[in-house]
Amino acid sequence: MRLKDLAEHLGLSQTTVSRALNGYPEVNEATRLRVAEAANTLGYRPNASAQRLATGRAGAIGLVLRGADELGPHMSEFLSGVGSYMANQEIDMLVSTVANHQEELAAYRRLAASQKVDAVILHSPTIRDERAELLMDLKIPFVLHGRTDIGRPVAWLDIDNTSALERATSHLLDLGHRRIALLNGDKGRTFAEHREMGYRAALSARGIAVDRALIGNSVFTDEVAFRIAQSMLQLRPHPTAFLAGSMMTALGVFRAIRQAGMQLGKDVSMIAHDDVFPYLNADNMYPSMSTTRSSIRQAGTRIAELIMQILAGKPQADVHELWPVELVLRESSGPPPSI
């Protein structure tokens, strides 16, 4: 089926149909959905080569990983969301791996010089992210998975990490916990700083001082979390509850609790952040895991959609989405043993 045939079927102009398929913001949502549904039903697929010639685009988006270790379960889920959407748009993904920060900046400069990509996804930003500043200077469109403050408006999608941790911490405080440990991401990453802000706000509201010995910053792996939690459980008094930055972290904390001869949900409580991994279901754990929940795959899909909107002409300064995070209470969080 040709674009002309699809337009005639819908009773719309070819220009309107083309703009609807390419996510132009001036096409209303109802029309966009109607065109997309008809294209799917009738099997219409735009000719990728023709599109690239007509638009002058490379037909690809870029993502740079800082070391092979970044291609873990979180990035795999995120890429599943991005890749699935882009595949349907016949857009390729160019993924590069670099060894350090300077190599990453050099990789963006090469992408700009080679014109191999139309846009870039930036992930795990810092509070003032030098990469975002560089991409603005290089005039490469990008969407940030997270937030940063570089003094200029950038496109971003983020979850409300501050509110999520404030609610989770407040819930544990309501149960009677006072020694609450936070196993957070790397210091300096925006999401980790926002989570610590929520944690501190909840403690401050109850007049409880922050104990730095109960805050750990690291990558989200089972082994690192096990070692940190093991050390914290040797403190006197030890924490009666943990806030785990990811489900991978939660597995390590769970192992440390069991090794200490304690029972999760009875002797020690835990609330973990759940990125909704298909192979690690919080409901099916024993005991089931209380979580703050937000799908990282859905975030990847939405960021891919936002990139296409920007490439279709939507100003990057207008792309700001802050997603709420759901608090799901299950068996792993209960009152401390003394209550």
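Scan segment 96-139 for residues that are out of contact with any Pro (no Cβ under 8 Å at 6 or more places or on another chain) and within 17 Å of residue 86 (Cβ to Cβ) and report the count.
So the answer is 7.
Give me the pairs, please: first residue somewhere in segment 213-225 and within 13 Å of residue 243 (Cβ to Cβ) and at pLDDT 95 or above, second residue anywhere and open to solvent by 50 Å² or more (accessible area, probe 1.4 Å) and in a loop (DSSP other than H, G, I, E, B), beta-carbon distance under 7 Å, and either six or more positions apart or on two chains.
214/179; 217/186; 217/187
Does segment 147-189 hold any residues that are open to solvent by less than 10 Å² (accessible area, probe 1.4 Å), over 27 Å from residue 330 (Cβ atoms) and either at pLDDT below 95 or small (Gly, Ala, Ser) (or both), and which are they?
Across segment 147-189, the qualifying residue is only 155.
Restricting to segment 197-217, give me the number of residues that are open to solvent by 20 Å² or more (accessible area, probe 1.4 Å) and either touching a strand residue (DSSP E or B) at 6+ places or on another chain (Cβ under 6 Å) or not in a helix (DSSP H, G or I) (or both).
7
Without any contact (Cβ under 8 Å) to a residue 24 or more places away in the chain and either more than 30 Å from residue 58 (Cβ to Cβ) or not charged (D, E, K, R) (or both) - does that describe any residue in segment 322-335?
No, because not a single residue in segment 322-335 is without any contact (Cβ under 8 Å) to a residue 24 or more places away in the chain and either more than 30 Å from residue 58 (Cβ to Cβ) or not charged (D, E, K, R) (or both).
Go through segment 58-82 residue by residue and tally those that are surrounded by fewer than 18 Cβ atoms within 10 Å (Cβ to Cβ) and not aliphatic (A, V, I, L, M).
9
Just wondering, is there one or more residues in segment 103-114 that are in contact with an Asp or Glu (Cβ under 8 Å, 6 or more places away or on another chain) and surrounded by 12 or more Cβ atoms within 10 Å (Cβ to Cβ)?
For segment 103-114, residues in contact with an Asp or Glu (Cβ under 8 Å, 6 or more places away or on another chain) and surrounded by 12 or more Cβ atoms within 10 Å (Cβ to Cβ): present.
The values are calculated or read from the model by the stated rules, or taken from the named source; none is laboratory data. Note that the coordinates shown come from a computational prediction; the quantities given were computed from them, not determined experimentally. Backbone-built Cβ (ideal geometry, glycine too); neighbour counts: all protein chains shown. Note: areas computed on protein heavy atoms with side chains; ligands, DNA, RNA excluded. Shrake-Rupley method; radii C 1.70, N 1.55, O 1.52, S 1.80 Å.
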